[in-house]
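Single-structure report; data block below.
Every number in this text was worked out from the coordinates using simple rules, so none of it is lab data. The model shown is predicted, which means the values in this text are computed figures rather than measured ones. So basically every Cβ, Gly included, is an ideal-geometry build from the backbone, and we count neighbours across all protein chains shown.
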Ligand SMILES: Cc1cc2nc3c(=O)[nH]c(=O)nc-3n(C[C@H](O)[C@H](O)[C@H](O)COP(=O)(O)OP(=O)(O)OC[C@H]3O[C@@H](n4cnc5c(N)ncnc54)[C@H](O)[C@@H]3O)c2cc1C
């Protein structure tokens, strides 16, 4: 059986590895000129790391070698006062890693001749013999038994399958970078998220290795804003000037050319992830805002579950239905909870934000640990 995978991000590459593990043939088609990630670093949570271990123990080892281990997640005020957080329990740590390193590691597990770049998906066509033909913008095509759409939140595969679907703008734009900066020892192996004193203002940071720190910084604004690169650093220094000194320290040394900006959207949850021989995985199926740091982790979970569900002896619709049934509830819960967090960060008015902070502080550790356990668990039973 042969899979045509459109989109060579985390979801596409992980799906390819899962299917190769099951003895299937795969071809991955990426529109960009190279398999390279958009974005600076990514935080892999215990569920994403466990998927990597399931795909291959060596894959996990390599990720842990190249990324920074995170043992503590900390939520604070902009001045560093603790609001909440969690410590890794029973070895269930997280890992902050350069996206480029993660993509490199995943790619290295797929035969080079199965990876194609500069191939922009245009359309697909179901053939009477139950094969599927995929057409690319350069006029070429590929044929397989099924098509996996892993082409991200703006998926063209999904567009053909389900038509136009609504995105939601979270109200926040986000700057991100990896900066050569050594975090003070009290922040080692810790990922901090600090909430500011105006709407949508927040900074998250953690070390991807002893020399480099990854940060993201959000801000409440209209979408489609443009940066003036000449004064971007001053603009950020000004926005985040009240934050704890470590934040202004690493912002100060951030090379302006390293800073990326994205408006934060999600996809209004959809309940159909497959049709006939086509199936969606990752952001194409369940794009979420990054407030729980789960988009990529959920992409990994979906990739792994789909590859486990595909049974070469059963028909594809049954396998896809099982995949969707196993994954949809958890993925949607994360989209919904993550959306709620962005709206909490966006609260208008100092009084409301003060009450919000008090309420968060009152949540017992046991309660937040229990809800994290659900996010981190891989509760899937395969036959
Ligand atoms: C600011 C920010 C911070 C985040 N932080 C985290 C985090 O810490 N942890 C986490 O788990 N998640 C995080 N996420 C979410 C995470 O980045 C995504 O969920 C993840 O990248 C989804 O992977 P994907 O492979 O489904 O899609 P994508 O990463 O979007 O990959 C899609 C691929 O398909 C290709 N493609 C697109 N169109 C076509 C086409 N027509 N033909 C062929 N190829 C095509 C693209 O070039 C791309 O390579 C964050 C997101 C943002 C915006």
| With axes computed from alpha carbons, what is the tilt in degrees of helix 57-66 against the longest principal axis of the chain, rounded to the nearest 10 within 0 to 90? | 30 degrees
| task | Quick one: angle between helix 365-376 and the longest Cα principal axis of the chain, in degrees between 0 and 90, rounded to 10, please. | result | 20 degrees
| said: Rg and Dmax in Å for region 171-298, alpha carbons only: what are they? | reply: 16.8, 55
| Antiparallel content of DSSP bridges confined to the chain, in %, to 5 | 70 percent
| said: If you average the C-alpha positions of region 201-216 and of region 62-98 separately, how far apart do those two centres end up, in angstrom? | reply: 11 Å
| So what's the Cα pair-distance distribution over region 100-140, bin width 5 Å, in %? | 5, 18, 18, 16, 18, 16, 6, 2, 0
| request: Take the alpha carbon atoms of region 304-383, find their center, do the same for region 218-242, and report the distance between the two centers in whole angstrom. | output: 31 Å
| Residues residue 65 and residue 224, FRET efficiency given R0 of 41 Å [Cβ-Cβ distance, rounded to 0.05] | 0.55
| request: Would you kindly calculate the translational diffusion coefficient of region 231-383, applying Stokes-Einstein with the Kirkwood radius from alpha carbon pairs, for 37 °C and a viscosity of 0.692 mPa s, and quote it in µm² s⁻¹ without decimals? | output: 176 µm²/s
| request: Express the Stokes-Einstein translational diffusion coefficient of region 219-266 in µm² s⁻¹, to the nearest whole number, given a Kirkwood radius over alpha-carbon pairs, 4 °C and a viscosity of 1.567 mPa s. | output: 109 µm²/s
| To the nearest 10 degrees, how steep is helix 350-362 against the longest Cα principal axis of the chain, on a 0 to 90 scale? | 70 degrees
| field | Modelled FRET efficiency - R0 25 Å, residue 370 with residue 79, Cβ distances, 0.05 increments | value | 0.30
| Segments 15-27, 290-302 sorted - mean Cβ within 10 Å per residue, highest first | 290-302, 15-27
| query | According to the square roots a ≥ b ≥ c of the eigenvalues of the Cα gyration tensor, what is the shape class of the chain, taking rounded for a/c under 1.5, prolate for a/b larger than b/c otherwise, and oblate for the remainder? | reply | prolate
| message | Just to confirm my numbers, what's the Cα centroid distance between region 122-187 and region 248-274 in Å? | response | 16 Å
